[in-house]
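**Student:** Shown below is the structure under consideration.
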Amino acid sequence: MSADVEATRDLCPAEHHDGLVVLTLNRPEARNALDVPLLEAFVAGLAEGKRAGADVLLVRAEGPAFCAGADVRSDDGTAIGRPGLRRRLIEESLDLMGGYPAAVVAVQGAAVGAGWAIAAAADITLAAPAASFRFPELPLGFPPPDSTVRRLEAAVGPARALRLLALGERYGADDVARLGLVDVIPEASLDGTAREMAARLAVLPPELLRNLKAGLSASEAGPLPTTLERQS
């Protein structure tokens, strides 16, 4: 697809519902690889969702791949392009995702590098049986996002996180599910299940949801019952 055609297309269309924003990565011909225009559209959609009052986020993608990671090509496809800007936008998008009281991601195919980072930034990640996950950054000489390192270390421990992040190995959906990082959903019902789950989260009291998330993720918040009792 030419740059002119791509520029006229909505790279990250947003659907706004009561308390919920649904963002779709929409660059399927490039396996939703994150070039600067797509990242800028994703960041803008995340920020606009918050401004519009959404408390729950759902991220999905068009095409057979969820996200092939950062697109390291320049506009002419011959060079590395703008790695510093891409990294800043990736980190910004992950920070914005973390600002939602609840985030759901539906992974239908490959989630590579920054694509897996987006999936890992969710509070609930659903994956089709054919989904796959890989972090190739370190073998290619790029550090993974700081927030992804912290999140994976907390979820699976430092030794397992190091293997996931350092070796560039490919993991299937069942492998990642055994680590507790995703729930595997039949492909035919993945999108519907993700939307239904996000809608159920969106009707919950946002302050209670936010405090529940904080109580689960921050060790300094104290035992979960104490955190919840303070809100009663």
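The values are calculated or read from the model by the stated rules, or taken from the named source; none is laboratory data. If you're wondering where the values come from, they're calculated on a predicted model, not measured in any experiment. Glycine also receives a Cβ, built like all others from the backbone with ideal geometry; neighbour counts cover every protein chain displayed. Heavy atoms of the whole protein, side chains included, go into the accessibility calculation; ligands, DNA and RNA do not. Shrake-Rupley method; radii C 1.70, N 1.55, O 1.52, S 1.80 Å.
**Student:** Just to be sure, is Gly192 surrounded by fewer than 16 Cβ atoms within 10 Å (Cβ to Cβ) and part of a loop (DSSP other than H, G, I, E, B)? Spell out the reasoning first.
**Tutor:** Numbers: surrounded by fewer than 16 Cβ atoms within 10 Å (Cβ to Cβ): yes; part of a loop (DSSP other than H, G, I, E, B): no.
Answer is no for this residue.
One line per residue, one yes/no per condition, for (1) of a type outside the set (Gly, Ala, Ser); (2) modelled with pLDDT of 95 or more; (3) surrounded by 20 or more Cβ atoms within 10 Å (Cβ to Cβ):
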| residue | (1), (2), (3) |
| --- | --- |
| Ala14 | no, yes, no |
| Leu38 | yes, yes, yes |
| Phe42 | yes, yes, yes |
| Gly45 | no, yes, yes |
| Gly49 | no, yes, yes |
| Ala54 | no, yes, yes |
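**Student:** Could you run through the range 200-216 and say how many residues are under 19 Å from Ala121 (Cα atoms) and surrounded by 13 or more Cβ atoms within 10 Å (Cβ to Cβ)? Before the answer, list the steps.
**Tutor:** Here is the first cut: in the range 200-216, the ones under 19 Å from Ala121 (Cα atoms) are 201-202, 206, 209-216.
Checking the rest, the ones that are also surrounded by 13 or more Cβ atoms within 10 Å (Cβ to Cβ) come to 201-202, 206, 209-215.
Going through the range 200-216 one residue at a time, the tally reaches 10.
**Student:** Kindly check whether there is at least one residue in the range 120-135 that is at pLDDT 95 or above, in a helix (DSSP H, G or I) and closer than 21 Å to Val72 by Cβ.
**Tutor:** Within the range 120-135, the subset at pLDDT 95 or above is 120-135.
Narrowing the set further to residues that are in a helix (DSSP H, G or I) leaves 120.
The next check asks that each one be closer than 21 Å to Val72 by Cβ; those that pass are 120.
Within the range 120-135, one or more residues are at pLDDT 95 or above, in a helix (DSSP H, G or I) and closer than 21 Å to Val72 by Cβ.
**Student:** Across the range 217-228, which residue is modelled with the lowest pLDDT among those that are open to solvent by 40 Å² or more (accessible area, probe 1.4 Å) and in a helix (DSSP H, G or I)? Give the derivation first.
**Tutor:** Quick first cut of the range 217-228, residues open to solvent by 40 Å² or more (accessible area, probe 1.4 Å) only: 217, 219-220, 223-226, 228.
So of that shortlist, the ones also in a helix (DSSP H, G or I) come out as 217, 219-220, 224-226, 228.
Working: Ser217: 74, Ser219: 50, Glu220: 36, Leu224: 44, Pro225: 47, Thr226: 45, Leu228: 43.
The qualifying residue modelled with the lowest pLDDT is Glu220.
**Student:** Report whether or not Ala177 is in contact with a strand residue (DSSP E or B) (Cβ under 6 Å, 6 or more places away or on another chain) and open to solvent by 20 Å² or more (accessible area, probe 1.4 Å).
**Tutor:** Details: in contact with a strand residue (DSSP E or B) (Cβ under 6 Å, 6 or more places away or on another chain): yes; open to solvent by 20 Å² or more (accessible area, probe 1.4 Å): yes.
Yes, satisfied.
**Student:** Mind counting the residues in the range 84-116 that are part of a helix (DSSP H, G or I) and surrounded by fewer than 24 Cβ atoms within 10 Å (Cβ to Cβ)?
**Tutor:** Step one: filter the range 84-116 for residues part of a helix (DSSP H, G or I), giving 84-98, 114-116.
When the remaining residues are screened for being surrounded by fewer than 24 Cβ atoms within 10 Å (Cβ to Cβ), the result is 84-89, 91-92, 94-98.
Summing the residues that are part of a helix (DSSP H, G or I) and surrounded by fewer than 24 Cβ atoms within 10 Å (Cβ to Cβ) in the range 84-116 gives 13.
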